[in-house]
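As structure tokens, the structure follows; a few thoughts come after it.
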Amino acid sequence: MLSNERNRVLGTVKNVGSTFMLVFSIVLIVGLIFTGQTNLAQILHPALVFIVLLVAVTWLSIVEGGQASLVGLAPVNRELYAESHKIAYKSCSNAHSEYSLDRYLLGRQFLVVFIVFALSMAGDPIAGADLFDLPQWVLNIFLVFGLAMILFTTMCGQLNSQVNASHCMLDYLNTWPNYLTLRIAKAIEFSGIVHASYIIQILVSALAGKKADTSAPVRSDLYNLFFYFRCFISLVLLIFALVVTIAALFEGKTTMWESVPNVVAVLLFVLLMCVVGLLEGMQIAFFAVSKLPEDERGDSYWAKKTCGLLFRGDAHNLSGFMIGRQLCVVSCMFFIARVTSFNIDPGAGDATLWGMPTAAQIFLNTGFLGALITTILASIAWQLVASAFPVAFLSSPFTYALLRLCLFLESTGICNGSYVIAWIHRKLSGFQRDEVYIGTAEERRAQAKADNLGNLPVGAGHLVKLPAFVEDAPEALKELALKDSEVHEYISSIHDQRNHEKLSSI
């Protein structure tokens with residue numbers, strides 16, 4: 001929190017430095033595209049690749065901001081904004097019906113991973129890329145290591161929209177692209193390609209001693225048949241994806257750097273999947289244990305050490321972890337995309353994998369299989385385990401080490417440029433805070449339309465977390481916030497003040 005002059009000056013320096021790095025990264029990415037030095041630019045016209053890049057990062061921003069808005073508005077009575085924000089009302093009516101939010105989040109997870117993979121194809125450099133006669137150490141940091149694409153994706157495609165959507169949920173959600181994205185995410189879930197996640201959900205919930213709710217309370221035999229059929233097909237597809245990807249890695253037919261041995265590439269694939277899984281599960285576990293008294297957070301040395309660091313002082317490290325986590329996850333996903341994307345061009349005479357038809361190879365080259373594996377095994381599965389066993393999840397030195405890494409990355413201010421983008425976007429779009437339209441929680445309660453946090457599905461088998469202003473509060477206040485709207489409003493005002501101070505430092 002930037003509350004004094006010294007911190008404000010430091011915050012301004014971080015904002016300027018981060019923004020400069022972002023602009024430099026964008027220049028590098030555009031330069032690579034128009035000199036034909038990205039994977040996609042070698043196949044398509046550079047102008048078309050540039051359009052793909054813009055559409056992908058814009059859509060990713062919509063997906064991330066839309067999630068924050070839909071989850072944040074779940075407790076709010078929809079009739080309060082039925083007339084002022086008709087599209088947002090339409091979206092929330094669809095997303096907040098029974099079990100619909102869980103289904104949206106499942107489809108949305110695949111959508112995020114797939115878009116990141118698409119961004120990787122459009123903007124990641126080919127081997128040996130050279131640009132503007134820059135020193136090799138600069139090329140290594142921004143191109144070979146991938147810092148340019150990591151900063152571009154994290155700040156332009158994720159964090160900036162989350163900043164605005166956390167305070168201007170109604171204005172942010174009140175667009176047709178957001179509604180279309182909601183429907184696409186639900187269509188992905190309905191298609192069944194990620195239904196293997198439900199098998200994991202059922203198993204995890206059973207181990208936790210809780211029955212998993214995967215659909216409506218009352219289901220016909222025909223519906224059950226259709227549901228488990230999709231689970232079976234998804235499981236077969238997942239196994240196929242794993243076999244094909246690992247085979248391609250052992251045969252050296254992915255975009256992994258040629259200097260990396262095939263066996264090492266396979267080991268890196270497994271390692272990165274585990275790191276992403278830990279980071280995805282950590283956010284669920286952290287928010288779960290934040291609602292537990294200190295004496296119920298486990299006896300493990302590492303669990304105590306992790307919680308001690310996480311909830312130190314005013315628990316500001318919790319929000320700091322989320323920013324650093326975002327950077328780490330995107331970094332790992334770009335590396336996974338490189339490890340799992342096929343380097344087979346049938347048009348150039350390359351033999352397809354296992355002699356499959358050319359059309360099938362072209363489809364697999366889109367990164368679909370890698371996105372499917374990452375979504376189910378490196379994201380959703382770990383989140384489900386963490387939601388059921390949060391304390392056990394924290395009882396690991398790896399969790400503590402990753403927490404330290406995330407907090408360090410956040411402290412550098414490397415992603416502070418996202419606040420600058422958010423400020424520009426908010427000014428251009430004319431976003432206003434939600435209180436302007438629907439009042440405070442106290443005012444809504446006075447109208448007999450109080451918020452209902454029970455509308456948020458949390459716990460074992462769910463991927464939803466509570467709003468940040470509740471999560472960051474001390475234990476006693478969090479308990480009261482769930483029962484008393486006046487306390488709820490007070491904590492919300494503190495959270496808003498923190499973010500206002502951070503944004504005002506720009």
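For every residue, the table says whether it meets (1) within 18 Å of the chain's Cα centre (by Cα); (2) part of a loop (DSSP other than H, G, I, E, B); (3) of a type in the set (D, E, K, R); (4) closer than 23 Å to residue 440 by Cβ.
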residue	(1), (2), (3), (4)
10	no, no, no, no
18	no, no, no, no
27	no, no, no, no
56	yes, no, no, no
66	yes, no, no, no
76	no, yes, no, yes
91	no, no, no, yes
97	no, yes, no, no
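Look at segment 112-135: where a residue is closer than 18 Å to residue 35 by Cβ and of a type outside the set (A, V, I, L, M, F, W, C) and a partner is modelled with pLDDT under 90 and surrounded by fewer than 17 Cβ atoms within 10 Å (Cβ to Cβ), sitting 6+ places away or on another chain with Cβ atoms under 8 Å, you get 125/144.
Within the option set 99, 104, being among the aromatic types (Phe, Trp, Tyr), closer than 28 Å to residue 437 by Cβ and exposed (fewer than 15 other Cβ atoms within 10 Å of the Cβ) holds for one residue only, 99.
Quick check on residue 362: is it free of Cβ contacts under 8 Å to residues at least 60 places away in the same chain and either within 14 Å of residue 283 (Cα to Cα) or assigned to a helix (DSSP H, G or I) (or both)? Taking the combined requirement at face value, the residue satisfies it. Taking segment 184-208 as the range and being under 21 Å from the mean Cα position of the chain (by Cα), aliphatic (A, V, I, L, M) and surrounded by fewer than 19 Cβ atoms within 10 Å (Cβ to Cβ) as the test, the residues that pass are 184, 187.
Close Cβ contacts (under 9 Å, 6 or more residues apart or on different chains) running from residues in segment 227-251 that are touching a residue at least 24 places away in the same chain (Cβ under 8 Å) to residues that are of a type in the set (D, E, K, R) and buried (at least 16 other Cβ atoms within 10 Å of the Cβ) comprise 247/253.
The values are calculated or read from the model by the stated rules, or taken from the named source; none is laboratory data. Treat the numbers as computed from the prediction; the structure is a model and nothing was measured. Cβ: placed from backbone, ideal geometry, glycine included. Neighbour counts: every protein chain shown.
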